[in-house]
Each structure stands twice: as C-alpha cells, then as structure tokens.
Amino acid sequence: MDIPGFGRLELTNLVMDLNGTLCVDGALAAGVEKALGALSGLFNCHVVTADTHGTAKSLFSDEIAVTTIAKGRENQAKEQLIQSLGGRNTAVLGNGANDQAMFRAARLGVAVMGPEGIYAPLLNAADIVVTSPEQALKLFLHPKRLLATLRS
C-alpha cells in the first residue's frame, strides 16, 4: 500500500509485545484472540515476551509464533528479532521501555496505551498510538485505517 507522505508499506510480519500490550494482568484483552485468528492468515504473527506471568505459550494457537526472551536484555532481543525478520516488512505493537529498539528497527510502530500504561518516550518512536490492543490489531484488518492515519 502506498501512503502519501509516509511511503510504501509492504508488511509481512506483525510482532507484538505481550504483557501490557496484548494482555492485562496476564490475561488476553478483549477482542485480541479473535483479531489474531484473522490476522494469522494475513501475516506472520509473532509474540515476543519475557513471559512475566508464565502463560504466554498457553494463550495462543500454533499459528502465532511465541518467542520467550531472557529478562534483562529484552530491548536487544526484540530488536534482533525484528532485524532477523526484516524490519522493512515488519510492524510492531508495544507499550513499554523494552519495546523502544524494536520500534526503531521496524517499518511501522503502533503504541498501545492501555490499562497498564505506556512508557512515555515510546511515544516518540511510534507512528500510531491507540488505546487498546483490539484497536491496534484492527488497523491491520482494515488497512484503510492505516492510510487515513499516516498520510500527509
């Protein structure tokens, strides 16, 4: 999709932080499971997490790749994942300090400002900010929303 003033988006990967982004207190937020089911047929979907609550693998179907990373090096590990997938073809969703590097490495960054809050400096790295994970995921199910928000 060509977006005036933003450039071409050729996304094949969707990488999402888990806690605070897709989950609230370790449980998937409303609408996430259904939206991810639809998106898994359109994108290579990845969840990347330090798995604070120890539930990550049990939350998702096999169509969603879950990458558990070591605590303490989350920022670097997330950035390396984006680089290995190809940042130019990757969109990311996140809310925390440990999401900053992956936002810089990806073509498109969507910050989710939900019940667990958002790390304020992440707003500077984001292309779009939404108030729920369902809203974030629906941007990719309805790409004209991306066009409407990003064009200049």
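In summary, Ser58 fulfils each of the numbered conditions (1) under 18 Å from Val24 (Cα atoms); (2) modelled with pLDDT of 95 or more; (3) part of a helix (DSSP H, G or I); (4) hydroxyl-bearing (Ser, Thr, Tyr) with the single exception of condition (2). Filtering region 111-151 to residues that are touching a Gly at 6+ places or on another chain (Cβ under 8 Å) and assigned to a strand (DSSP E or B) leaves Ala111, Val112, Gly114, Gly117, Ile128.
What about His53, is it outside any helix (DSSP H, G or I), out of contact with any Pro (no Cβ under 8 Å at 6 or more places or on another chain) and modelled with pLDDT under 95? Yes: the conditions hold for His53. Scanning region 103-129 for residues that are within 22 Å of Asp25 (Cβ to Cβ) and either buried (at least 19 other Cβ atoms within 10 Å of the Cβ) or not β-branched (Val, Ile, Thr) (or both) yields a total of 12.
Within region 113-143, the set of residues being within 21 Å of Asp2 (Cα to Cα) and of a type outside the set (Gly, Ala, Ser) comprises Asp127, Ile128, Val129, Leu137, Lys138, Leu139, Phe140, Leu141, His142, Pro143. Inspection of region 139-148 finds no residue satisfying the criterion of being in contact with a strand residue (DSSP E or B) (Cβ under 6 Å, 6 or more places away or on another chain), exposed (fewer than 14 other Cβ atoms within 10 Å of the Cβ) and under 27 Å from Gly26 (Cβ atoms). Under 15 Å from Met16 (Cα atoms) and crowded, with 19+ Cβ neighbours inside 10 Å: does that describe Gln100? It is true that Gln100 is under 15 Å from Met16 (Cα atoms) and crowded, with 19+ Cβ neighbours inside 10 Å.
Taken residue by residue, region 62-83 has at least one member that is of a type in the set (A, V, I, L, M, F, W, C), part of a helix (DSSP H, G or I) and touching a residue at least 40 places away in the same chain (Cβ under 8 Å). It is to be established whether one or more residues within region 6-27 are closer than 21 Å to Leu147 by Cα, among the basic types (Lys, Arg) and touching a strand residue (DSSP E or B) at 6+ places or on another chain (Cβ under 6 Å). Checked against the condition, which is being closer than 21 Å to Leu147 by Cα, among the basic types (Lys, Arg) and touching a strand residue (DSSP E or B) at 6+ places or on another chain (Cβ under 6 Å), region 6-27 yields at least one hit. The residues of region 1-42 that are within 16 Å of Ala106 (Cβ to Cβ), of a type outside the set (A, V, I, L, M, F, W, C) and assigned to a loop (DSSP other than H, G, I, E, B), listed by number, are Glu10, Thr12, Thr21.
The values are calculated or read from the model by the stated rules, or taken from the named source; none is laboratory data. From a predicted model like this one, the values you see are computed outputs, not experimental measurements. Methodologically, a virtual Cβ is constructed for each residue, glycine included, from the backbone with ideal geometry; neighbour enumeration extends over all protein chains shown.
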